[in-house]
């Protein structure tokens, strides 16, 4: 994939996340950057086990777009933007969207298992960000071109998020950890199947 490729999927994901999250915040709080209560976000597309049982598949998408804290949303969007641009220039928009969907959905759904109703609604883009980070770790291990940029992007996306995880619960949140592993595994699979698409030093 050319380094001049426009990161269409990444930009679309970021725009949708910002737009939808701000819209929901305004509907619930009357301000664009207001803090929403998690118990109300199921009404706006948050992921719930009950919703999945009712075949509300659209929640897989919408749950990743809404947030309790809009400052957290902005940080997540910046993380996805930085990580996603690097990933998409390596593997293209189709596979980038697949990482966002698979890693994001899996982590968000997993996170719903660690709370009691109605506080077990899955939301947020941080799971997808960890999925992209897991993918980029493989590139770093493979000594990809622009390794310094990859490491800076990983530090930006992971260090603050992990700090908050350890501060709030004492360990990486399960949804974040699962999404990271899925992104890592997707990278290993992609690297085996499409190694010619990944620009690696010495290849």
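Readers should treat all values here as calculations from the given coordinates under stated rules, not as data from a laboratory. Since this is a predicted model, take the numbers as computed values, not measurements. Virtual Cβ from ideal backbone geometry, glycine too; neighbours counted across all protein chains shown.
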Give the angle, between 0 and 90 degrees and rounded to the nearest 10, that separates the Cα long axis of helix 8-29 from the longest principal axis of the Cα atoms of the chain.
20
Label-reachable residues, the stretch 121-136, where backbone N falls under 20 Å from a point 7 Å from residue 185's Cα toward its Cβ:
126-136
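For the stretch 8-194, rounded, prolate or oblate, judged on the Cα gyration tensor with a ≥ b ≥ c (square roots of eigenvalues), a/c < 1.5 rounded, else prolate if a/b > b/c? Spell out each step's value before the answer.
Working: a/c = 1.67, a/b = 1.60, b/c = 1.04.
Verdict is prolate for the stretch 8-194.
At a threshold of 8 angstrom on Cα-Cα distance, excluding pairs fewer than six apart, so keeping six or more, what relative contact order does the stretch 58-203 reach in percent? Numbers along the way, then the final one.
On the way: 198 pairs, mean separation 46.4, N = 146.
That works out to 32 percent.
Which whole-number percent gives the relative contact order of the stretch 1-89, counting Cα pairs below 8 Å spaced six or more residues apart? Present the calculation step by step, with values, prior to reporting the outcome.
Working: 93 pairs, mean separation 37.5, N = 89.
Reported relative contact order: 42 percent.
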What whole-number distance in Å separates the alpha-carbon centres of the stretch 103-125 and the stretch 38-84?
9
